[in-house]
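Here's the structure, in structure tokens; my notes come after.
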Amino acid sequence: MAKQTSFLGLLVFGFLCFICLPVEAALKKYQFDVKLSNVSRLCNAKQMVTVNGGFPGPTIYAREGDRVQINVTNYVQYNLSIHWHGLKQYRNGWADGPAYITQCPIQTGNSYVYDFNVTGQRGTLWWHAHILWLRATVYGAIVIMPQQGTPFPFPQPDREEVLVLGEWWNADVEAVEKQGNALGIPPNMSDAHTINGKPGPLFPCSEKHTFAMEVEKGKTYLLRIINAALNDELFFALANHTFTVVEIDAVYTKPFSTEAILIAPGQTTNVLVRANQVPGRYFMAARAFMDAPISVDNKTATAIFQYKGIPETELPKLPTLPAQNDSDFALSYNSKLKSLNTPKYPANVPLNVDRHLLFTVGLGINPCPTCLNGTRLTASLNNISFIMPQTALLQSHYFNIKGVYTPDFPDKPPTPFNFTGAPLTANLRTNVGTRISKIAFNSTVEIVVQDTNLLSVESHPFHLHGYNFFVVGTGIGNFDPKKDPAKYNLIDPIERNTVGVPTGGWTAIRFRADNPGVWFFHCHLELHTGWGLKTAFLVEDGPGSDHNVLPPPKDLPTC
């Protein structure tokens, strides 16, 4: 009997040792063929740029700790690159993707392998083209599962679904952009919003172009929501159901309930929804948020949340979305976003700041004799409209190529004024150039992004490549460096990679510059990025080779 007990003990011990062994990281390989595909929406058929023929493109699945290799082959007439939005790419800017920032674009007929590790991140991110307006159709989701055996820090859902919010143009998007640039005015807005590439039955010829997910009463679903729209912040809601927000930008949040979410271009939001209503068909709906006097595509995209066994002849119920200009909802919603700040998922907010930056957002008008009104709309940070270089910034930094950029981007606006006062139409002597900001390795940085009333106030979603940051404060009006920091949340501020600066207000973010390389910082409204609302940070190498930028891959594209 003693021998049998001992043998059973060894078996149990062996089994426990087996399940406690660390799971080896997997290598996930993908092939992305960028090509022209025929796509029909809204009674219109056209050729457009896609990945593997899909709109949206394929979802990338990985686990925290995996290595991912994606071979991108370019079969279209445009040179392009792809950005893996929100992945930190530690020391590995060569895999970040923004054209002329970290790499030259992939030329027609060529390929490039994006090779990166998924380290310390789990959740929903996304990928998209990062040149011209190609991300209007070239985009898809990234789903990073926790390491094997690690549960979500919220109730386990019965099933999950990816919902990518986007836009559709009846015309060729690149032609639309070129026309706007030639005339010096904003290009024509999109003809529809979409959910997983489909506008829904509120649009003509769209009954078959409607995304639907079947659900069972009593079960809980995790919705991974991504805003891939070029230029619109969006409200999103589900009729008769309540969301519980549990994650944004691949960072877990303190859960809270809401009837709708607000999601800016570039952002992701994970919500739990319980199928606890009378079985039926319910619309999920997305519509633009704009609280400034600026035209947007205000049409509503819909998808269907359909209970099992309900016939498709039943008309879905529409949710009540916030009003298009509901600033109060937007401010209230964003104020509820908090980091978990638990021992397992801490909020390591920099408490002491080495470098204080104040960046003002400006819209202006420059002379343009060939344009429609003799002027061209421009955008600037600290009165500098950024000019894209012809050689990638990271390559020029790594190989010490001179004359590509100057590391003298100002820490504050050269011409202070009442930023959010009466509208100004002057450019305040806007300069143009390829000027970037040099940051010491491992220093702590605070950026206050301040909206201004040059031409008009407007909300701006800003994205920082290579990093997450903490949103420590936000407010309406002019930032007060003496009073406003006292109101900062330094305990559990939300951590993310893209943040909205409120209309006529400011947002303060903090991060530790521990990722060497050149990292893009820009408005994620494609319209404004194209007008120059961008810059980059050159984070210097640190001590020791393990804090230096990695050598470039052999197949790095050339300009």
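The values are calculated or read from the model by the stated rules, or taken from the named source; none is laboratory data. Computed from a prediction, not measured in an experiment: that's the story for all the values here. Glycine gets a Cβ as well: all are built from the backbone with ideal geometry, and neighbour counts include every protein chain shown. We work out accessible area using only protein heavy atoms, side chains counted, and drop any ligands, DNA or RNA first. Shrake-Rupley method; radii C 1.70, N 1.55, O 1.52, S 1.80 Å.
Between their Cα atoms, which of Lys344/Lys487; Lys88/Lys534; Lys344/Lys412; Lys344/Lys534; Lys438/Lys482 are more than 30 Å away from each other?
Going by Cα-Cα distance, Lys344/Lys412; Lys344/Lys534 fall outside the 30 Å limit.
What nm value, rounded to one decimal, do you get for the distance between Gln179 and Thr108 when each label is placed 7 Å out toward the C-beta?
For the pair Gln179/Thr108, the computed spacing is 2.3 nm.
Using only DSSP helix segments of four residues or longer, with each worth -39500 (n - 2.57), what per-residue ellipticity at 222 nm results for the chain after dividing by its residue count and rounding to 500?
The helix contribution divided over the chain gives -2500 deg cm²/dmol.
In nm, what is the difference between 0.36 nm times the number of residues separating Glu259 and Lys29 and their Cα-Cα distance? Let's see the in-between values first.
Details: separation 230, 0.36 × 230 = 82.80 nm, distance 3.85 nm.
Extra length from Glu259 to Lys29 when fully extended: 78.9 nm.
Counting only protein chains, not ligands or nucleic acids, how are Ile310, Ile304 ordered by accessible area (probe 1.4 Å), most first?
Most to least solvent-accessible, the answer reads Ile310, Ile304.
For the pair Lys554 and Leu42, what calculated FRET efficiency results from E = 1/(1 + (r/R0)^6), where r is the Cβ-Cβ distance and R0 = 51 Å, to the nearest 0.05?
0.70
Give the accessible area for Cys43 in Å² (nearest 10); use a 1.4 Å probe, count only protein heavy atoms, and leave out ligands, DNA and RNA.
Approximately 80 Å² of Cys43 is accessible to the 1.4 Å probe.
Excluding residues on the same chain fewer than 8 positions from Lys308, give the lysines whose Cα lies under 22 Å from its Cα.
Leaving aside lysines fewer than 8 places away in the same chain, those within reach of Lys308 are Lys198, Lys208, Lys217, Lys219, Lys317.
Using the Cα centre of the chain as origin and beta-carbon charges of +1 (Lys, Arg) and -1 (Asp, Glu), tell me which of His356, Ile491, Pro155 is placed farthest towards the positive end of the dipole.
Sorting the options by dipole projection puts first Pro155.
Compute, for segment 86-167, the length of the dipole vector about the Cα centre, with Cβ point charges of +1 (Lys, Arg) and -1 (Asp, Glu) only. Units Debye, rounded to 20. Mind showing how you got there, number by number?
Working: 5 positive and 6 negative charges, 48 e Å.
Approximately 240 debye in magnitude.
Placing +1 at every Lys and Arg Cβ and -1 at every Asp and Glu Cβ, with all other atoms neutral, what dipole size does the chain have around its Cα centre, in debye to the nearest 20?
Working: 44 positive and 44 negative charges, 111 e Å.
Its charge dipole is roughly 540 debye.
List the relative contact order of segment 137-192 as a percent without decimals, with contacts defined as Cα pairs under 8 Å and 6+ residues apart.
It rounds to 31 percent for segment 137-192.
Please work out the FRET efficiency for the pair Gln156 and Asn348, using the Cβ-Cβ distance as r and a Förster radius of 22 Å; give the result to the nearest 0.05.
0.25
If N is the number of residues in the chain, what value comes out of its Cα radius of gyration divided by 2.2 N^0.38 Å?
Working it through for the chain, the quotient is 0.98.
By how many nm would the segment from Phe399 to Tyr75 lengthen if fully extended, with 0.36 nm per residue of separation less the alpha-carbon distance?
113.7 nm
Could you give the distance between the Cα centres of segment 107-167 and segment 435-467, to the whole Å?
If you average the Cα positions of each part, the centres end up 24 Å apart.
Tell me the per residue accessible area of the chain using a 1.4 Å probe; a whole number in Å² is fine.
41
Any idea which of Val251, Val68, Ala330 is furthest toward the positive side of the dipole for the chain, if Lys and Arg beta-carbons carry +1 and Asp and Glu beta-carbons -1?
Going by the Cα projections, it comes out as Val68.
Just name one of Ala175, Ala288, Ala440: the one whose Cα is farthest towards the positive end of the charge dipole of the chain (beta-carbon charges, Lys/Arg +1, Asp/Glu -1).
Looking along the dipole axis, the top candidate is Ala440.
Compute the distance from the alpha-carbon center of segment 359-375 to that of segment 531-554, in whole Å.
So the separation of the two Cα centres works out to 32 Å.
Heavy atoms only, probe 1.4 Å: what % of the accessible area of segment 401-559 goes to carbon and sulfur, would you let me know?
Carbon plus sulfur share of accessible area: 56 percent.
How large is the charge dipole for segment 127-230, taken about the Cα centre, if only the Cβ atoms of Lys, Arg (+1) and Asp, Glu (-1) carry charge, to the nearest 20 debye? The partial results should precede the final answer.
Numbers: 8 positive and 11 negative charges, 36 e Å.
So the dipole magnitude of segment 127-230 works out to roughly 180 debye.
Using mean Cβ contacts within 10 Å as the protection proxy, how do 169-180, 91-102 order, highest first?
Ranked from most to least packed, the peptides come out as 91-102, 169-180.
Based on the Cβ-Cβ distance from Thr313 to Met145, what FRET efficiency comes out when R0 is 35 Å, to the nearest 0.05?
Plugging the Cβ-Cβ distance into 1/(1 + (r/R0)^6) gives 0.40.
Give me the number: length gained by fully extending Asp408 to Lys336, i.e. 0.36 nm times residue separation minus the C-alpha to C-alpha distance, one decimal in nm.
Length gained between Asp408 and Lys336: 22.2 nm.
Going highest first, how would you order 534-543, 106-115 by mean Cβ packing within 10 Å?
Top of the packing list down: 534-543, 106-115.
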